[in-house]
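Nothing in this text is a laboratory measurement; each read-out follows from the coordinates by a stated rule. Keep in mind that this is a model prediction, so the values were computed, not measured. Note that we place each Cβ from the backbone using ideal geometry, even for glycine, and neighbour counts take in every protein chain shown.
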Amino acid sequence: MCGIVGIVGKSAVAPQLVDALKRLEYRGYDSAGVATLNNGKLERRRAEGKLVNLESRLQDSPLEGTIGIGHTRWATHGAPTEQNAHPHFTQGVAVVHNGIIENFASLRDELKEAGAQFSSQTDTEVVAHLVSSYLAKGATPKEAAQQTLARLEGAYALAILFENHDNMIIGARHGPPLAVGHGDGEMYLGSDSIALAPFTDDVTYLEDGDWAVVTHDGVEVFDSAGNKVDRARQTSQGAAMVADKGNYKHFMLKEIHEQPEVISRTISHYVDFATETFKPISEGIDFAKLDRLAVSACGTAYYAGLIGKYWIERYARLPVEIDVASEFRYREMPLNGNMAAFFISQSGETADTLACLRYCKQSGVQIGAIVNVPESTIARESDIVFPTLAGIEVGVASTKAFTCQLAVLASIAIAAGRARCTVTDAEEKELVRALVSLERLSSDTLGSGEAKIEALSRDLAKYKNVLYLGRGTNFPLALEGALKLKEISYIHAEGYAAGELKHGPIALIDEDMPVIVIAPFDGLYEKTMSNMQEVAARGGQIILITDEKGAEHVSIDTMSTIVMPEVPEFISPIIYSLPIQLLAYHTAVFMGTDVDQPRNLAKSVTVE
Ligand code: M6R
């Protein structure tokens, strides 16, 4: 998603703006731009594509100026062209924006009628024109910004720069996050603290509806009614989150290999290894009193939630309703005081998930958040936060955040089971031991199987379509496997519950359709084998992911069998995620795609 930066600096800011934008690259973008004030006049450079294009533009034609704003754009309204790239300029005003101005069409008509000339297809340009129109009527920059914000519907984080005002950037937040950074005689704005990390770790997060006047001397924050408000300063963890690829070719591969460590770190937050019991993680939520749990998330986080549903219902006997956030918020689910609502998000900024959280909060439902970014909006607005300690995840395709979400959900299921007396002391110890074994088992899996998976990926890369099948917790894993493959390799892939195959998808099976079957030797193995037979009978190519016993019992020829270590059933979805991620990764590498920043995708989806 779009990223915003702003600097009220002491020296030339263009290089710093680009540096900050580089730290926002992980969010996904397709064009970029910066604008500065040079002797009171606005100047900008913009470029399609990656930041290297903007850098070479700046090299050919440098920008002077000690105050400026910058932007990475993830296209919503209008193609990713230079013309549509931010900053947008109108009379005396430059604007960068993350979000969607939902009433942009009516505003544009109104502005056009008043004589405004539009030079892009973006929704953002109406913001710049509105500010200019109020300035033209005699408003000060502050007044013009405030009057403009009052006209906007939708979601926005904004930074506005004004001609002849070389000591002021106005920022505003309604939805997508915006942080103010405090420096030594310099001040900053950024979509997140990671962008600001090279400059400062002293940040103020704007709250929804806030707008801020940022100058050399500091920041004044106002709420939507225009009242001056105090917002706390805090030390951000952004600096610690600055990541590099180390010796790995891609962030995704590095993040896959970090999993043994980060899963273990996450588990240790919830489990007392010495007593083999769960720590009292559910303070504030009495699981014994709940009659149901609503869970909502998007994408990979949603699939983690689906696996969590199997666990929570099985171990805590607590009914779980789960929806993708974009549906939950509009389906008018009846809510009551005996339920809690849990939201899962790596970034903690996903617009749909956040909207559901707010919808539930308004109805007085207790809110829990399973998030990876502790300073995120979802974390801050929740009653109770269950952190995933995956560390910064840069690859757009979620890997370590997913398995850490699973580790947290597994912990919640057992903690809830203890609270509801559905898990005995002995069972708790056994399940804790299973969780503790995750570090070793994930490390073994990554250590032993990758070369074979890489070789297999070379074959997989030749196909145009792939199916994934699984039963029980391996069904959501099949969905996740398909998502992972399609988002980074661009090969069409779908996941199905293995039992659903004969209800439609089996029509697709022929020799050009590899079918990846996730089937550890558990209580559902035989059932899944029957579905594999159905595929084999129709000439489908099977890639089986199973354990040694499963490999021994398989009675048909497979294109390949990936043999996993034997793992306790409880944690198998976490371990079986690993070959699925590696398969997608290596296939994408063979396809030659941009693995860490696949086309059209954003790391943090802050629009609806
Ligand atoms: O930051 P979130 O976990 O809320 O993001 C949710 C999805 O956008 C995300 O999981 C997406 O599906 C990933 N690209 C999957 O790899």
Using the Cα centre of the range 488-608 as origin and beta-carbon charges of +1 (Lys, Arg) and -1 (Asp, Glu), tell me which of Q597, Y585, S560 is placed farthest towards the positive end of the dipole.
Q597
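Taking a ≥ b ≥ c as the square roots of the eigenvalues of the Cα gyration tensor of the range 30-70, is the shape rounded (a/c under 1.5), prolate (a/b larger than b/c) or oblate? Show your work: numbers first, answer last.
Details: a/c = 2.90, a/b = 1.85, b/c = 1.57.
Judged from the Cα gyration tensor, the range 30-70 comes out prolate (a/c at least 1.5, a/b above b/c).
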Tell me, Kirkwood radius of the range 447-592 from alpha-carbon pair distances, in Å?
14.7 Å
Per-residue HN-Hα couplings for the range 335-343, Karplus 6.51 cos²θ - 1.76 cosθ + 1.60 at θ = phi - 60°, whole Hz, x for Gly and Pro?
10, 8, x, 8, 10, 10, 10, 10, 10
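When all alpha-carbon pairs of the range 263-348 are counted, what percent fall beyond 21 Å? Walk me through the intermediate numbers first.
Values: 1382 of 3655 pairs.
The proportion of pairs with Cα distances above 21 Å equals 38 percent.
Give the percent of DSSP beta bridges with both residues in the chain that are antiparallel, rounded to the nearest 5. Before the final figure, lay out each step's value.
Values: 65 of 106 bridges.
Roughly 60 percent of the beta bridges in the chain run antiparallel, per DSSP.
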Run lengths n ≥ 4 of DSSP H only: what is the helix-derived mean residue ellipticity at 222 nm for the chain, with -39500 (n - 2.57) per run over all residues, to the nearest 500?
-11500 deg cm²/dmol
About the Cα centre, charge dipole magnitude for the range 83-131 (Lys/Arg +1, Asp/Glu -1 at Cβ), debye
140 debye
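Take the Cα atoms of the range 247-436, build their convex hull, and give its volume per residue in Å³. Walk me through the numbers on the way to the answer.
Numbers: hull volume 19.4 nm³, N = 190.
So the per-residue Cα hull volume is 102 Å³.
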Rounding to the nearest 10 and keeping the result within 0 to 90°, find how far the Cα-based axis of helix 425-436 lies from the longest principal axis of the chain.
60 degrees
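Highest first, please rank the peptides 101-112, 312-323, 293-304 by the mean number of other Cβ atoms sitting within 10 Å of their residues. Let's see the in-between values first.
Values: 101-112: 16.8, 312-323: 18.8, 293-304: 25.8.
Descending mean neighbour count gives 293-304, 312-323, 101-112.
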For a 27 Å ceiling on Cα separation, which of these pairs sit above it: K50/K228; K112/K228; K112/K137; K249/K452?
K50/K228; K112/K228
So who's got an amide H within less than 5 Å of the one on H77, skipping anything under 5 residues away but keeping other chains? H placed 1.01 Å off N, in plane.
D123
The ³J(HN,Hα) series, computed from each phi in the range 42-57 with the Karplus coefficients 6.51, -1.76 and 1.60 at θ = phi - 60°, rounded to the nearest Hz and given as x for glycine or proline, is 7, 9, 9, 9, 9, 7, 5, x, 6, 5, 4, 5, 5, 4, 6, 4
Let me spell out the model: positive unit charges on the Cβ of Lys and Arg, negative unit charges on the Cβ of Asp and Glu, origin at the Cα centre of the chain. What dipole size does that give, in debye rounded to 20?
360 debye
In order over the range 544-557: 3J(HN,Hα) from phi, Karplus 6.51/-1.76/1.60, θ = phi - 60°, whole Hz, x for each Gly or Pro, gives 9, 10, 8, 9, 4, 5, x, 5, 5, 8, 6, 10, 10, 6
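Equivalent-ellipsoid semi-axes (√(5λ), Cα gyration tensor) for the range 100-159, whole Å, largest first? Spell out each step's value before the answer.
Values: eigenvalues 55, 43, 17 Å².
So the three semi-axes of the range 100-159 are 17, 15, 9 Å.
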The answer for trypsin sites (Lys or Arg not before Pro) in the range 410-517 that fall in a DSSP coil and have at most 12 neighbouring Cβ atoms within 10 Å is K462, K464
What does the highest-first list of 399-408, 338-347 look like by mean Cβ count within 10 Å?
399-408, 338-347
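Given axes a ≥ b ≥ c from the Cα gyration tensor, I'd like to know whether the range 298-364 is rounded (a/c under 1.5), prolate (a/b larger than b/c) or oblate. The partial results should precede the final answer.
Details: a/c = 1.91, a/b = 1.13, b/c = 1.69.
Oblate is the answer for the range 298-364, as a/c is 1.5 or above yet b/c matches or exceeds a/b.
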Shape box of the range 3-241 [Cα atoms, principal axes, largest first, Å]:
49, 43, 32
Quick one: which residues, 5+ away or cross-chain, put their amide H under 5 Å from the amide H of Y468? H built at 1.01 Å from N.
E494, G495, Y496, I516
If we restrict to alpha carbons, what Rg and Dmax does the chain come to, in Å?
25.4, 81
Computed for the range 3-241: size of charge dipole around the Cα centre, +1 on C-beta of each Lys and Arg, -1 on C-beta of each Asp and Glu, debye to nearest 20, value 280 debye
Contour minus end-to-end for T81 and T235, with contour as 0.36 nm per residue of separation and end-to-end as the Cα-Cα distance?
51.7 nm
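Go through the range 113-204 and name the trypsin sites (Lys or Arg not before Pro) that are in a DSSP coil and have 16 or fewer other Cβ atoms within 10 Å of their Cβ.
Details: sites: K137, K142, R151, R173; in loops: K137.
The qualifying sites are K137.
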Would you be so kind as to identify which of Q533, L544, P476 lies farthest towards the positive end of the dipole of the range 447-592, taking Lys and Arg as +1 and Asp and Glu as -1 on Cβ and the Cα centre as origin?
P476
Projecting each Cα onto the charge dipole of the range 286-350 (Lys/Arg +1, Asp/Glu -1 at the beta carbon, about the Cα centre), which of A316, S326, G305 comes out farthest on the positive side?
A316
Using Cα atoms only, what is the angle between the long axis of helix 474-489 and the major principal axis of the chain, expressed in degrees (0 to 90) to the nearest 10?
50 degrees
Of the listed links K486/K603; K22/K603; K361/K400; K279/K429, those spanning more than 19 angstrom between alpha carbons are K361/K400
To the nearest 10 degrees, how steeply does helix 104-113 sit against the main Cα axis of the chain, on a 0 to 90 scale?
20 degrees
Just flag the GluC sites (Glu not before Pro) in the range 475-513 sitting in loop per DSSP whose Cβ has no more than 11 other Cβ atoms within 10 Å.
E511
What are the aspartates and glutamates whose alpha-carbon lies under 17 Å from the alpha-carbon of K41, with same-chain residues fewer than 8 places away excluded?
E64, E163, D166
